[in-house]
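Report on the following structure.
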Amino acid sequence: MKIGILSDIHSNIIALKACVSYMRSIPRDEYLFLGDYVSDTPYTRETMDFLYDFSAKHNCLFLRENREDYMLEQKKVVERGAEDGRWRWGSAAGRA
């Protein structure tokens, strides 16, 4: 069984497409994505759209890493209307 493994994409759609193109040159049975799909950088939506489309056509497993945890926590902060804990754009961890 051949498995393609990708990690720490951080919204770099250009690198993601290059890696996937390379992996497609040798057919894989599965693809394992280890998290950190997006960041507070350009091309977040394009990266997620690409991953959704790719997973519809290939056998994929997606794991959650710290960036996804931060994004989900930010959703809760916004829903509560809290000021404390809001995302700090440009920070490595989303927090000051």
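The table that follows gives values for the structure above.
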{"read-out": "Single residue of the range 23-51 satisfying the filter (assigned to a loop (DSSP other than H, G, I, E, B) and farther than 17 Å from R64 by Cα) that is modelled with the lowest pLDDT", "value": "T41"}
{"read-out": "Any hit, the range 59-73, residues being of a type in the set (A, V, I, L, M, F, W, C), modelled with pLDDT of 95 or more and exposed (fewer than 11 other Cβ atoms within 10 Å of the Cβ)", "value": "no"}
{"read-out": "Selection from the range 74-83 of residues that are small (G, A, S) and either exposed (fewer than 10 other Cβ atoms within 10 Å of the Cβ) or closer than 18 Å to S11 by Cα (or both)", "value": "G81"}
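The values are calculated or read from the model by the stated rules, or taken from the named source; none is laboratory data. Keep in mind that this is a model prediction, so the values were computed, not measured. So basically every Cβ, Gly included, is an ideal-geometry build from the backbone, and we count neighbours across all protein chains shown.
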